[in-house]
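Let me begin by presenting the structure, written as structure tokens, before commenting on it.
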Amino acid sequence: MPTSLRRSWFGCSCLAAFALVMPGSRWPAVSGAEDAKPNTTVLQATEQEALRGVLTREQQARLTPQAVLDELLAGNQRFIKDDLTQRNHSVRIREAYAGQFPKAVILSCLDSRIPVEDVFDRGIGDIFVARVAGNFVNEDILGSMEFACHVAGAKLIMVHGHTHCGAVKAAIDDVRLGNITPMLAKIRPAIERGRPFEGKKASDNPAYVAHVCRENVRLAVEAVRERSDILRKLEADGAIKIVGAYYNLASGEVSLLP
Ligand SMILES: [Zn+2]
């Protein structure tokens, strides 16, 4: 492997699930609405108990796309503060066995430095996660998203890129090797069709890499709408929300892209 490829690719090392809060631990983040406005006084004991478990079909149906987005961003703030919800995974594994009603589907890069469930403080049964180096959309990813939203009832699609993406750097360098070549070709539209950039267009220019990473997310969001009649209609009907987001490897913070 050429040195430039090894450096570029390994710089990225670019790469789903469920939870129950332990007795005595703090309020579990299961429902978007409840998470945004925790008001335990109005909840019946049985409802509180339900919120501690894996999301049910009824709980999923009550969520709005905006509430799901708000919940994920609130979970990211807990991740940044190292305040993740304690979860009893063995109990949740048993609870989730019979079915799943996740609230969102997140398309992320392969990068090992981005543990998606942790990044949003989610557990077993909460979110679908699709991963591919460079977080681009293809037919298989679109099919997975259609399953997640149209069949399984998820309310939010998030394309989740990140800073210093090695796959994007490799695409900028026009790396060619085995099956990596056609994979990187799916990122190249962000280089060739992205919005204009003033400055040095090379992988050793962090500003340019950041620009292409963002364009790659933006084009993926556009591709979801353009290439999936099902998802476009769900969004038009207000049943789902489709957003682009960007993870900062240095801080752990997720920002929404305009
Ligand atoms: Zn990456």
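The values are calculated or read from the model by the stated rules, or taken from the named source; none is laboratory data. All values derive from a computational prediction rather than experimental measurement. Reconstructed Cβ throughout: ideal geometry from the backbone, glycine too, with neighbour counts over all protein chains shown. Heads up: the accessible areas ignore ligands, DNA and RNA and are worked out on the full protein's heavy atoms, side chains in. Shrake-Rupley method; radii C 1.70, N 1.55, O 1.52, S 1.80 Å.
Here ILE230 meets the list (1) within 20 Å of the chain's Cα centre (by Cα); (2) surrounded by fewer than 19 Cβ atoms within 10 Å (Cβ to Cβ); (3) in a loop (DSSP other than H, G, I, E, B) almost entirely, failing just condition (3).
The one condition from (1) over 20 Å from SER108 (Cα atoms); (2) within 13 Å of the ligand (Cβ to nearest atom); (3) out of contact with any Ser or Thr (no Cβ under 8 Å at 6 or more places or on another chain) that SER203 does not meet is (3). Among the residues of the stretch 109-127, those that are open to solvent by less than 30 Å² (accessible area, probe 1.4 Å) and either acidic (Asp, Glu) or more than 10 Å from the ligand (Cβ to nearest atom) (or both) comprise ASP111, VAL116, VAL119, PHE120, ASP121, ARG122, GLY123, ILE124, GLY125, ASP126, ILE127. If you go through the stretch 139-177 one residue at a time, how many are within 16 Å of the ligand (Cβ to nearest atom) and open to solvent by 10 Å² or more (accessible area, probe 1.4 Å)? So the count comes out to 7. PHE136 satisfies every condition listed in (1) away from the ligand (no atom under 12 Å from the Cβ); (2) at pLDDT 95 or above; (3) open to solvent by less than 40 Å² (accessible area, probe 1.4 Å); (4) assigned to a loop (DSSP other than H, G, I, E, B) except (1). Scanning the stretch 88-108 for residues that are under 20 Å from the mean Cα position of the chain (by Cα) and open to solvent by less than 60 Å² (accessible area, probe 1.4 Å) yields PHE101, PRO102, LYS103, ALA104, VAL105, ILE106, LEU107, SER108. Among the conditions (1) aliphatic (A, V, I, L, M); (2) within 16 Å of the ligand (Cβ to nearest atom); (3) open to solvent by 10 Å² or more (accessible area, probe 1.4 Å); (4) part of a loop (DSSP other than H, G, I, E, B), the only one that MET183 does not satisfy is (4). For the stretch 158-197, a residue qualifies if it is farther than 22 Å from GLY244 by Cβ and among the acidic types (Asp, Glu), and the qualifying residues are ASP173, ASP174. Which numbered condition trips up THR85, out of (1) touching a Phe, Trp or Tyr at 6+ places or on another chain (Cβ under 9 Å); (2) of a type outside the set (Gly, Ala, Ser); (3) assigned to a helix (DSSP H, G or I)? Unmet for THR85, out of (1) touching a Phe, Trp or Tyr at 6+ places or on another chain (Cβ under 9 Å); (2) of a type outside the set (Gly, Ala, Ser); (3) assigned to a helix (DSSP H, G or I): (3). Every test in (1) open to solvent by 60 Å² or more (accessible area, probe 1.4 Å); (2) at pLDDT 95 or above; (3) more than 12 Å from ASN135 (Cβ to Cβ) is passed by PRO258 save one, and that test is (2).
Considering each of ALA185, ALA167, ALA152 in turn, give the residue that is in contact with a strand residue (DSSP E or B) (Cβ under 8 Å, 6 or more places away or on another chain), aliphatic (A, V, I, L, M) and modelled with pLDDT of 95 or more. Matching residue, one of ALA185, ALA167, ALA152: ALA152. The requirement of being out of contact with any Gly (no Cβ under 7 Å at 6 or more places or on another chain), surrounded by 15 or more Cβ atoms within 10 Å (Cβ to Cβ) and part of a strand (DSSP E or B) is fulfilled nowhere in the stretch 210-223; no residue meets it.
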